[in-house]
Amino acid sequence: MRNEVFSHASKLARDERGFSLIEILAVLPLMLLTFFAVFQLYEVSVREQSRGDARVRSIVGQKNGLERISRELRDSFAVKYQNSEVIDAQISSGGRWLRYDCSGTSCRRYEGPSQGTFDTGPVTLISNVQSAEFHTLTNSGGTLVPDYVNPTYVTVTLRVTAKDASNPIVLNDGFNLRNLTTPG
């Protein structure tokens, strides 16, 4: 019985029939269809990855712009509220001033020797802005209240559009002003 199994197995191993032309012709279109589907899936995933990367780069760039605005305002010596989209800040004790103007579709930075006189800029820090709001506040008895003259706290809220995103993204920050003097 054992010899029969071995002889049958060796007989099958020596069988060199291969595939017929009809079998190959029947399988070939199925293989091509499978390869085509896999290639299409790969192409779609590469395209979506590229769109996702562009969206992330866009959001990171906008967030970095907000971080720069926050850092420079936080370290300022005086802040002058112009309107909800424009704010000025004295950035040195010598009197150098910045202006952040987020009206329109971008936040732009200007710099100059005195308030209202800007010799550099505009430099676009954040693009694709739908709306922007600067609020200047003061802590009054543990509550933040609007203060357009001598603020001690600033909030920034930006509604931006990310590349290839359908909904806007809200970026916001709030901070105490550290180096305040009386605005000039």
*asked:* Any residue at all in the range 16-38 that's within 30 Å of SER166 (Cα to Cα) and either modelled with pLDDT of 90 or more or open to solvent by 100 Å² or more (accessible area, probe 1.4 Å) (or both)?
replied: yes
*Output the residue which, of all residues in the range 48-95 that are assigned to a helix (DSSP H, G or I) and among the small types (Gly, Ala, Ser), is surrounded by the most Cβ atoms within 10 Å (Cβ to Cβ).*
GLY65
*Read through the list (1) open to solvent by 30 Å² or more (accessible area, probe 1.4 Å); (2) part of a strand (DSSP E or B), then give the number of the only condition that VAL156 fails.*
(1)
*In this structure, does ASP173 turn out to be in a loop (DSSP other than H, G, I, E, B) and acidic (Asp, Glu)?*
no
*Which listed residue, of ASN150, ASN139, ASN176, is more than 30 Å from ARG51 (Cβ to Cβ), in contact with a Phe, Trp or Tyr (Cβ under 8 Å, 6 or more places away or on another chain) and without any contact (Cβ under 8 Å) to a residue 60 or more places away in the chain*: ASN139
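The values are calculated or read from the model by the stated rules, or taken from the named source; none is laboratory data. It should be emphasised that the depicted structure is a prediction, and the values quoted were computed from it without experimental measurement. So basically every Cβ, Gly included, is an ideal-geometry build from the backbone, and we count neighbours across all protein chains shown. For accessibility, only protein heavy atoms count, side chains too; no ligands or nucleic acids. Shrake-Rupley method; radii C 1.70, N 1.55, O 1.52, S 1.80 Å.
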